[in-house]
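Structure, as structure tokens:
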Amino acid sequence: MRRTNELPEVQPMTPAGMGHEMMLQGGSQRRNADDHQQFAEYVRAHAADLPFLSQEEERQLIRAGVARFTIDFDEARWLAVGILHDNQVALERHLDRRLEGVLHRYSKTGRRRKISRKEFNDAVAIYRNWARNGISEQDVKIKTKRMIEENDWRVGRSRWIQSKRWYNKIPD
């Protein structure tokens, strides 16, 4: 017994007839070179004088690219990161990865294989230098403490008192 298809014929490239796979990939009607140019100008204008861009601000830029300029998420992220890099804007997620490498190095060297107070303060200064002082020292200390705790690295005691009060004073 032969089965017949009773569904009406649908035009292949109309928005109503576009298949789910085509909608996910973005049809040819959705992409526009003007949208890319407008989004690029939007990112340049947003990052004109910024030394540092947090993850939340980066997400907002990418969401704007997807919503306002009808650009795919990956394209918006690619364009935004490239333009921000060209304008020498430090991105928080890139700096976090770099700082994690520095802290890893500090935790593996030395006699006791602990991060000393001096190394901790050096890591904070390095991060602020990379971010061109676009983030406060207290925020960097909190971020650094969180990284140390997530990676189960140990922190050394201070020299004279032999306590970790300097580390415990940093809010969580």
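Read-outs: derived from the displayed coordinates by stated rules, not from any lab. Note that this is a predicted model, so its numbers are computed, not measured.
Reported value for the stretch 31-172: 110 Å³ per residue, from the convex hull of its C-alpha atoms.
Each pair of Cα atoms in the stretch 93-168 enters the Kirkwood radius, and Stokes-Einstein at 20 °C and 1.002 mPa s then converts it into a translational diffusion coefficient of 170 µm²/s. By the equivalent-ellipsoid construction on the alpha carbon gyration tensor, the stretch 32-88 comes out with semi-axes of 17, 12, 9 Å, ordered largest to smallest.
Between residue 160 and residue 67, the contour length at 0.36 nm per residue exceeds the Cα-Cα span by 27.8 nm. Taking 0.36 nm per residue of separation and subtracting the Cα-Cα distance, full extension of the segment from residue 169 to residue 78 would add 28.8 nm.
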